Amino acid sequence: MIIGVSINGTLRDFFGKIESTHEKYFPSEEEGKEIKVLDYNLEKWVTFEKKEIIKNEVIFDPNFKEEEFISSEKSLEVKEVTEDEEVTLQEFLYEKCCLEIFGYANETIDGAVQSINDLQLHLGDKHKIIITSREIGRTIPSTLFFLSKTGCMIQEIKFTLGTIDCWEFVDLMITDHPEILNSKPEGKKTIKIEKLFNQEINSDYTIRTVKELIGLEIFN
């Protein structure tokens, strides 16, 4: 059996790191108005306030002649221009704060990654564990850094373009993601890491943290 383990929500405290990074770089002007990420619909929870920026721009002169300007003592006329600057969720996650969010995030619980290492040792050659995650661009090296710093010893890591692409190469998924849980193909199994946002979703097994995995009947 090939066992897939999602990174976000299972091993990596993705939501918590989004919240703390947002507060660090985009603090709310109102106390107590910090963002709270409650599920994977990030656009609903992660918002950015528009900020006005003032910059100087040279006034366009259709009659400008470089030679006359150089020989004169005139200076270029400038004016102040006010523009709205608004960061997008894509820029926040994948450009401005990519390494901080995907690389420097904490584990969901202390020893989460070591629990997966221990499970593979417990299973021996009977079953194979694969770490899997939907990653793009610079989130890939950032995620590899996260796995490195937490001591991941799983030999195979699969990065996919789609959230549910993991089902192409695993027989069982350990995850908290509703899309993965709801898309389980016939004949395959799920172990749900229970969260408030997935409590109503059916799964073959339900646990609260990866530290409960070795105790499951399917692994013994």
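The values are calculated or read from the model by the stated rules, or taken from the named source; none is laboratory data. Computed from a predicted model, the values in this text were never measured in an experiment. Glycine gets a Cβ as well: all are built from the backbone with ideal geometry, and neighbour counts include every protein chain shown. Side chains included, ligands, DNA and RNA excluded: accessible areas come from the protein's heavy atoms. Shrake-Rupley method; radii C 1.70, N 1.55, O 1.52, S 1.80 Å.
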| remark: For Leu213 the rounded accessible area (nearest 10 Å², probe 1.4 Å, non-protein molecules ignored) is 0 Å²
| Hey, with R₀ at 41 Å, roughly what FRET efficiency would Glu179 and Asp125 work out to, going by the Cβ-Cβ distance, to 0.05? | 0.85
| field | DSSP-loop GluC sites (Glu not before Pro) across the range 142-220, with at most 10 other Cβ within 10 angstrom | value | Glu186, Glu200
| remark: Pseudo-spin-label distance Ile136 to Met1, built 7 Å along Cα→Cβ, given in nm, is 3.3 nm
| remark: Counting only backbone N atoms under 11 Å from a point 7 Å out along Cα-to-Cβ of Glu100, the residues of the range 4-48 in range are 18-27
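Summing +1 for each Lys or Arg and -1 for each Asp or Glu, what net charge is found among the other residues whose Cβ lies under 9 Å from the Cβ of Ile131?
On the way: positive: Lys158; negative: Glu156.
Computed value for this residue: 0.
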| message | Beyond 18 Å, how much of the Cα-Cα pair distribution for the range 124-220 remains, as a whole percent? | response | 52 percent
| Accessible-area ranking of Val170, Val87, largest first, probe 1.4 Å | Val87, Val170
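Quick one: order Thr150, Thr21 from most to least accessible surface, probe 1.4 Å. It would help to have the intermediate numbers written out before the result.
Working: Thr150 30, Thr21 0 Å².
Descending order: Thr150, Thr21.
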| task | Would you tell me the accessible area of Leu11, worked out with a 1.4 angstrom probe on the heavy atoms of the protein chains, in Å² to the nearest 10? | result | 0 Å²
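For Lys188 and Leu144, compute 0.36 nm times the residue count separating them, minus their Cα-Cα distance, and round to one decimal in nm. Each step should come with its number before you reach the end.
Values: separation 44, 0.36 × 44 = 15.84 nm, distance 2.73 nm.
Using 0.36 nm per residue and subtracting the Cα-Cα distance, I get 13.1 nm.
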| said: Could you compute how much accessible surface Glu49 exposes when probed at 1.4 Å, giving the result in Å² to the nearest 10? | reply: 100 Å²
| Looking at this model, which pairs from Lys96/Lys158; Lys17/Lys96; Lys96/Lys192; Lys36/Lys211; Lys96/Lys195; Lys44/Lys188 are more than 22 angstrom apart at the alpha-carbon? | Lys96/Lys158; Lys96/Lys192; Lys36/Lys211; Lys96/Lys195; Lys44/Lys188
| note | By accessible area (1.4 Å), largest first, Thr209, Thr88, Thr132 order as Thr88, Thr209, Thr132
